[in-house]
Every structure is written in structure tokens, then in C-alpha cells.
Amino acid sequence: MRVLLIYPRYPDTFWSFKHALRFVRRKAAFPPLGLLTVAAMLPAHWEKRVRDLNVAPLSQEDLSWCDLVFISAMVVQRDSTREVLKTCQSLGKKVVAGGPYFTHLPDDLEGVDHVIAGEAEDILPEFLADFAAGRARPLYRAEGHPNLQKTPPPLWELIDFKDYRTMSVQFTRGCPFDCDFCDVVALFGRRPRFKTGSQVINELEQLYKLGWRAAVMMVDDNFIGNKRQAKELLAQMAAWQKKRRYPFSFFTQASVNLADDPELLHLMVKANFTEVFLGLETPSDSSLKECNKHQNQGRDMVEAVRVIQSFGIEVMAGFIVGFDADPPSIFKDQVSFISQAAIPTAMVGLLSLMPGTKLYERMRGQNRVLGLPSGDNAMDAKALNFIPKMGAPALLEGYKEVLRRLYEPRAYYRRSLAFLKRSGRALKRRAAPRARVSWKDMAAGVRIFWRLGFREQGRWAYWTYLLRVFLSRPGKMSMAISLAATGYHLRMVTLRFVRSATNPLEPVN
């Protein structure tokens with residue numbers, strides 16, 4: 001059996017990092033970890049190819065070669081998924097589909113022969129047995145959630161590392177919190193499940209032996225869903241990093257209660273975690289209450305961010321506008337909060353209703369749902385797939401003003417400089433040696449200098465920013481340049497949205 005595993009394209013979003021990737025000559029930010037893991041679950045004697053459409057277009061040769069197509073997608077990849085399915089259908093290729101998109105909406109698209117809904121570890125073997133016997137059903141839905149100790153390491157040899165900026169490793173699935181706009185609990189449950197520490201270290205060792213020497217994202221929806229387990233793993237990661245002379249830097253996603261645990265933060269620093277993404281959502285306590293984000297309620301979130309930054313860890317964060325409880329001042333409040341917290345990478349999005357969430361069901365009961373979401377709540381006005389209390393025109397205009405103010409060059413560089421100053425002493429205490437600057441790094445630096453220093457609007461703000469870093473924190477110049485490159489990407493995608501977005505109250509077909 002020849003199997004082609006296809007990963008559809010992402011649109012140009014906050015998380016694509018498309019404009020920043022051009023500086024480092026990489027084609028995609030992250031590899032298709034789910035497909036690489038599913039590939040490892042398929043029979044060893046099957047021939048396998050992975051085609052990531054974020055790296056290269058789908059070729060006629062690949063489709064002619066294969067007997068069977070596997071496709072995995074999230075809702076944000078919907079348009080590309082439709083194109084792939086249409087092509088496969090025209091060629092008479094059998095398609096097996098899975099991932100969050102098909103788990104939530106197994107009947108949404110034509111051209112799929114078999115849907116694997118839910119996590120694959122327990123249900124995929126049943127499908128494979130039925131497929132071999134010629135009796136495979138259209139839909140296989142996993143019951144419950146599997147033990148992750150069954151999960152095999154990804155088949156990294158199916159991709160070219162040179163195409164990617166970051167590799168990915170998963171430790172946990174599930175989240176103990178139950179925010180009503182988030183589909184993580186619907187997909188993975190509230191009880192976090194874990195791989196063993198030895199499984200994770202084995203995956204890191206494989207990446208190391210294959211030559212990877214850069215960033216690794218721990219892709220858990222909440223890395224600290226169980227702090228005790230996280231601490232045990234971090235101790236093992238720190239020991240492995242020290243033994244291997246710190247080949248990787250790590251980043252992950254976590255809840256804001258990370259700031260309450262200095263021991264956990266120290267362990268993250270020892271393992272060489274440099275960034276963490278937090279779901280902060282909103283400075284409005286009434287809006288946090290509305291969406292059941294109780295872990296954020298009643299706390300000084302600016303101070304929480306500063307605590308994490310004081311350990312030398314950059315805080316990236318997600319924010320949402322459009323809750324019913326949002327006050328009229330929410331747009332100004334969001335900008336003020338993000339500025340005070342000195343969060344350079346602040347990903348602000350419109351509230352979007354995802355099928356399978358409590359919010360979706362509540363809004364449907366109020367007859368306020370307009371259709372399916374686009375999957376990109378930040379860069380697509382049609383992600384706003386419900387009737388907002390404040391009215392769609394007011395919400396969209398306020399949102400666009402937030403984006404204008406946050407990513408205006410001077411505002412972005414001001415936040416970046418404040419973060420660099422705040423994290424200064426902690427960075428000096430890191431056990432990891434400074435990474436050697438390669439000729440590729442220098443070439444990327446030259447491209448960044450040329451684009452931002454000579455061709456980009458806001459170049460004087462850029463030079464002022466670099467001068468201030470050089471005079472006050474010269475050891476952080478490399479980090480400052482990296483932040484500037486990220487800011488360029490964020491500015492490009494937000495500018496496009498601000499200039500093109502219209503009234504979003506149109507159902508997505």
C-alpha cells in the first residue's frame with residue numbers, strides 16, 4: 001500500500017509567521033506533527049510520503065503514485081482542504097480524513113471516504129483492520145481518550161528539516177480548565193494525559209541524532225495542566241539538555257497560574273524555555289466570568305506577566321474582543337493592558353464560535369449563530385460567525401483600531417524594549433551557553449536590517465529601537481533583532497486585515 005499523507009495550507013495568519021520566515025529562508029513555521037505521528041501508526045510495510053502544502057504544492061506525481069490518501073486538518077485550513085479533496089475526487093483516490101476539522105464536522109465536505117473522528121491511537125487500528133478486510137465504514141468515532149503511552153514517536157524522516165523553523169514535541173493532551181469558547185476540552189477532555197518522561201526524552205534524542213539544533217515547541221494546549229508531572233519532565237529535560245550542551249530552546253503554551261509557581265519557572269529556565277504563550281483573553285473581569293475563564297479572574301494579570309518575564313521568558317499572549325460583557329472601553333483597555341504588560345507578540349482576535357464548545361451551543365440557543373467559523377479569528381472577519389451584543393460594525397471598527405495601535409512600529413518597539421529591560425538579569429543566569437552565530441544567522445540579520453532599516457515604513461523607529469538596545473542591553477541585540485522580525489510579520493498581516501476587512505456578518509458557506 002502506498003499512502004500519501006497530506007497537510008493542507010494555512011492562510012496568512014498570526015501563527016503562520018510567513019513574513020518573518022522569509023528572513024531565515026524557511027518555508028513553514030511548524031511541521032505536521034499529527035500526520036507524522038499517524039504515519040508511525042500505519043503498517044510498517046506500507047510506503048509513506050508526507051506532503052505539507054505549506055512547503056510545496058501537491059504534485060501530480062504524488063497523486064499518481066499513491067493508492068490511498070490520508071488528510072488531517074484544522075478548521076482554519078478549510079479552503080485548502082476543499083481543494084485537495086476536489087482533486088482527489090477527480091482522480092478517484094480514496095481519502096481517509098481526521099484531525100479537529102473532521103472531528104467537529106465529519107459531514108461538512110464531499111470527497112471523503114472514511115473519517116477518523118477523535119484521537120487516533122485506539123480507533124485507527126480498528127479502521128485498518130476493517131480496511132484490510134474490505135468492510136471499512138464511512139465514520140469511525142473514538143470513544144474516550146487514549147493512554148498516550150501508546151503513542152509512537154513521529155516519523156521525522158518523512159520531512160526535510162530545512163523547510164521548517166521549529167520542530168514539535170507533544171507531552172500532554174487535555175486541559176483542566178473549561179473556557180466555554182475553547183474546543184480543547186471537547187477534543188481532548190479535562191483530565192490531562194501524559195507521555196512518560198522517557199518517551200519525551202526519546203523524541204528529543206531522535207531530533208538531536210537527525211541533526212536538529214534549533215527551537216522545539218512543546219505543543220501541549222496547557223503544558224502545566226498537571227504541575228507535578230510538568231516538573232518531573234522539566235527536571236529530565238534539563239539534565240538531557242546539559243548532557244547534550246543545550247542543543248534546543250523550547251517554548252510552549254500554559255495557563256497564567258504559571259506565575260504562581262517559582263519552582264516551575266526555575267525548572268523551565270534550567271531546561272532552556274525561552275517563550276511561553278498565555279491565553280490572557282481580556283482585562284475585563286466581567287468578560288472573564290462570562291466565558292468561564294476563572295483561572296484569570298481576580299488576579300493582577302499585568303503583574304503575573306511581569307513575574308514570568310523576570311525569569312527571562314518572553315510572554316506571548318492571546319486576546320479576544322467581542323464578549324457580551326465587554327465594556328465600551330474594551331478596545332482602549334486591551335491596548336493599555338498589553339502596553340503595560342510589555343507583551344510584544346500580542347495576538348488579538350475576534351470572538352469566534354467553534355462547534356462542540358459550550359459557547360456555540362449557548363449562542364445557538366439564542367438564535368445568534370450565523371454559520372461555521374473560518375477558523376482564523378484574528379485575520380478573517382468571517383470568523384465572527386454570530387451576532388455580537390455591541391453590533392458587528394462597532395466590534396469590527398474597534399478591533400481594527402486595536403490592531404492599528406498595537407502594531408504601529410513605535411508602539412511595538414516600545415513593548416519589545418520594555419520586555420528586554422525587564423528580563424535582563426534573568427537572562428544572564430541561564431545555564432545554556434550563548435548560541436554561536438552562524439553565517440545563515442548573519443545573512444538573516446542582513447536581510448532584516450535591509451528590510452526594516454531601509455525599506456520599511458517606520459524605519460526611524462527601528463533604528464531608534466536598536467540604538468537603545470545597544471546602549472542599554474548590548475547582549476540582547478540578537479533577541480532584539482528577532483523580535484523586530486516577528487513584529488514585521490505581525491504588522492504585515494494586521495495591515496492587510498485593517499485595509500480589507502468589511503462587515504463580517506455573512507455566513508460562511
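The values are calculated or read from the model by the stated rules, or taken from the named source; none is laboratory data. Treat the numbers as computed from the prediction; the structure is a model and nothing was measured. Every residue, glycine among them, receives a Cβ derived from its backbone with ideal geometry; neighbour counts consider all protein chains shown.
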*Boolean, SER352 is surrounded by fewer than 24 Cβ atoms within 10 Å (Cβ to Cβ) and of a type in the set (Gly, Ala, Ser)*: no
*Please enumerate the residues belonging to segment 198-226 that are touching a residue at least 40 places away in the same chain (Cβ under 8 Å) and of a type in the set (Gly, Ala, Ser).*
GLY211, ALA214, ALA215, GLY225
*Quick check: anything in segment 255-274 of a type in the set (S, T, N, Q), within 20 Å of the chain's Cα centre (by Cα), modelled with pLDDT of 95 or more and closer than 30 Å to GLY144 by Cα?*
yes
*asked:* Out of the strands (runs of 3 or more DSSP E) lying entirely within segment 110-181, which hold 1 or more residues that are touching a Leu at 6+ places or on another chain (Cβ under 6 Å)?
replied: 114-117, 166-169
*Answer yes or no as to whether ALA317 is crowded, with 22+ Cβ neighbours inside 10 Å, at pLDDT 95 or above, assigned to a helix (DSSP H, G or I) and under 20 Å from the mean Cα position of the chain (by Cα).*
no
_For ILE159: the one exception among (1) modelled with pLDDT of 95 or more; (2) surrounded by fewer than 21 Cβ atoms within 10 Å (Cβ to Cβ); (3) farther than 24 Å from MET316 by Cβ_ = (2)
*Take the residues of segment 279-297 that are touching an Asp or Glu at 6+ places or on another chain (Cβ under 7 Å) and of a type in the set (Gly, Ala, Ser): which is nearest to GLN340 (Cα to Cα)?*
SER284
*Among the listed residues VAL95, VAL50, VAL76, which satisfies the condition of being within 27 Å of LYS195 (Cα to Cα), in the same structural domain as LEU21 (by TED's automatic domain parsing) and not small (Gly, Ala, Ser)?*
VAL50
_Every residue in segment 278-331 that is farther than 17 Å from GLY349 by Cβ and among the hydroxyl-bearing types (Ser, Thr, Tyr), please._
SER286, SER310, SER329
*Out of VAL95, VAL38, report the one residue that is under 20 Å from PHE127 (Cα atoms) and either among the small types (Gly, Ala, Ser) or part of a strand (DSSP E or B) (or both).*
VAL95
*Here is a list of conditions, (1) touching a strand residue (DSSP E or B) at 6+ places or on another chain (Cβ under 9 Å); (2) surrounded by fewer than 17 Cβ atoms within 10 Å (Cβ to Cβ); (3) assigned to a helix (DSSP H, G or I); (4) in contact (Cβ under 8 Å) with a residue 40 or more places away in the chain, and ARG49 meets all of them except one; can you say which number that is?*
(3)
*Among the candidates LEU467, LEU490, LEU495, LEU483, single out the residue that is surrounded by fewer than 19 Cβ atoms within 10 Å (Cβ to Cβ), on the phi < 0 side of the Ramachandran plot and modelled with pLDDT of 90 or more.*
LEU467
